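Notes follow once the structure below has been shown.
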């Protein structure tokens, strides 16, 4: 199963309600994925030099210990704590921060980073997870969420979606891939790295690899129809872009509701029934093997 | 039909509403219902077995009106996967679009879709009449055994793959035919069937002569003496 949701705001006035909209969408998909949940929120970052790092503290590792150690190494850091996650904000070059965190902290996992993305994911029922992170308080431009019914790898934070394998990128998946081991080997040779055995992380890595070669998100997902074998509906996000694709067989469901204010995507309509104006929205199912994208 | 009974899914649980509709008192003349606020719920009005009219106002989820017998169920909205799946009799009328597997395995009754359906419409149909005013997606009428499907728009890839004895009438473009499905010459009887189905769905802007008929080439499911060594 698994449930996937995404919302992209066309009307910026709604940005303060983004978290509230996504909360209802995640609740609507809780039955499709009771094992774990996660979401990515994109918000505009006016300070162009700053990067945000979404970090998960594993094994009850304390925020204070982490803060103490990292502030000795880097200056002018800002922190936002949400449940067992910390968003670290810094204008230091990403390479330095990322390598320091991976060398220094065995119980701190970098889930994603970028100028606008923040990612949160946790094991447990989606209704609990969204409460723990107070998702309804977030604002932003677009957001993507996932509720997981584990089939392919273990129920852990690392096995939860969204997967982020590049700056400001993320991907969620309903389905299963059949050629991910081969593809992972190919991508490893091209310098992509992976943190889990999960099939979806390979799809995210495939997207990152292609975007790093200056291909557009739409072009990337179109090429993915040839290169990714299996069942899938993907929703992918970048700093300014948002897209969905279903494989040619299209066993995995998706519905799109589009109004003048937003584009909402979910595995099932019940996840969007609460959205304002949805009853007069243009509602359609994405066609098999067709990439739909918004933004740039 | 008696007075109109309003059932609001914001005030009653889905189970309460379905329970009420599934167990009408045979002597009661209350046979006219309006279900509001379905909010994409699954199995709305599944398993109805008596004569009644139900209007569902809004979009519904999976398996709406599944296993229907005798009831006339109208949905003013879109439906999810498997609308009217395994229907035995009655009429299900979708005013919006239907998702995949509409009318799957249904033995009888009539399914009318005013919009389009996604893939696998009429998969394994066993006697139902399906009338789609728009187009149907890929693998529609897969392993269709009996009944009729009318498509006023286009059909997606692999129409009628591994079809048995169902009849498929398509007015528009067929992207491709599935294994053992071929175009057939429409005889008088076929034309009469098509005309009566168009009438049933109140379609008067299309001429039955504009449709083409497809059915089984009977090479896949019939025993062929040339293949005796294979058994």
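The values are calculated or read from the model by the stated rules, or taken from the named source; none is laboratory data. Model, not experiment: these values are computed from the prediction. Virtual Cβ from ideal backbone geometry, glycine too; neighbours counted across all protein chains shown.
The figures follow:
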item	result
Matching residues, the stretch B:14-61, being outside any loop (DSSP other than H, G, I, E, B), touching a strand residue (DSSP E or B) at 6+ places or on another chain (Cβ under 9 Å) and either crowded, with 21+ Cβ neighbours inside 10 Å or within 14 Å of chain A (Cβ to nearest Cβ) (or both)	B:17, B:21, B:33, B:35, B:36, B:54, B:56, B:57
Residue under evaluation residue B:65, criteria (1) more than 14 Å from chain A (Cβ to nearest Cβ); (2) surrounded by fewer than 18 Cβ atoms within 10 Å (Cβ to Cβ); (3) modelled with pLDDT of 95 or more, criterion not met	(2)
Total residues in the stretch B:2-11, condition in a loop (DSSP other than H, G, I, E, B), out of contact with any helix residue (DSSP H, G or I) (no Cβ under 8 Å at 6 or more places or on another chain) and either on the phi < 0 side of the Ramachandran plot or surrounded by 15 or more Cβ atoms within 10 Å (Cβ to Cβ) (or both)	3
Extreme residue, surrounded by the most Cβ atoms within 10 Å (Cβ to Cβ), among residues of the stretch A:282-292 that are more than 9 Å from chain B (Cβ to nearest Cβ) and in contact (Cβ under 8 Å) with a residue 40 or more places away in the chain	A:291
Out of B:43, B:71, B:98, B:104, sole residue that is over 13 Å from the mean Cα position of the chain (by Cα), modelled with pLDDT of 95 or more and at negative phi	B:71
Residue within the stretch B:202-217 that is within 30 Å of residue B:60 (Cα to Cα), touching a strand residue (DSSP E or B) at 6+ places or on another chain (Cβ under 8 Å) and buried (at least 20 other Cβ atoms within 10 Å of the Cβ) present	no
Residue list for the stretch A:92-109, filter: touching a helix residue (DSSP H, G or I) at 6+ places or on another chain (Cβ under 7 Å) and surrounded by 14 or more Cβ atoms within 10 Å (Cβ to Cβ)	A:100, A:105, A:108
Residues (within 14 Å of chain A (Cβ to nearest Cβ), crowded, with 24+ Cβ neighbours inside 10 Å and part of a loop (DSSP other than H, G, I, E, B)) located in the stretch B:79-94	B:80, B:82, B:83
Within the stretch A:193-219, considering residues that are modelled with pLDDT of 95 or more and assigned to a loop (DSSP other than H, G, I, E, B), the one farthest from residue A:239 (Cα to Cα)	A:213
Residue match in the stretch B:95-110 (condition: closer than 19 Å to residue B:150 by Cβ, in contact with a helix residue (DSSP H, G or I) (Cβ under 8 Å, 6 or more places away or on another chain) and not in a loop (DSSP other than H, G, I, E, B))	yes
Unique residue being under 25 Å from residue A:274 (Cβ atoms) and in contact (Cβ under 8 Å) with a residue 40 or more places away in the chain when the list is B:40, B:96	B:40
Qualifying residue in the stretch A:265-275 (condition: in contact (Cβ under 8 Å) with a residue 12 or more places away in the chain, more than 10 Å from chain B (Cβ to nearest Cβ), closer than 18 Å to residue A:17 by Cβ and in a loop (DSSP other than H, G, I, E, B))	yes
Test: residue in the stretch B:116-126 that is within 14 Å of chain A (Cβ to nearest Cβ), part of a strand (DSSP E or B) and crowded, with 20+ Cβ neighbours inside 10 Å	yes
Breaking point among (1) surrounded by 24 or more Cβ atoms within 10 Å (Cβ to Cβ); (2) under 17 Å from residue A:30 (Cα atoms), for residue A:163	(2)
Residue that is farther than 24 Å from residue B:107 by Cα and under 19 Å from the mean Cα position of the chain (by Cα), where the choices are B:156, B:172, B:160, B:147	B:172
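Let's see how each residue does on (1) within 27 Å of residue A:158 (Cβ to Cβ); (2) more than 14 Å from chain B (Cβ to nearest Cβ):
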site	(1), (2)
A:196	yes, yes
A:201	yes, yes
A:208	yes, yes
A:216	no, yes
A:224	yes, yes
A:239	yes, yes
A:247	yes, no
A:263	no, yes
A:280	no, no
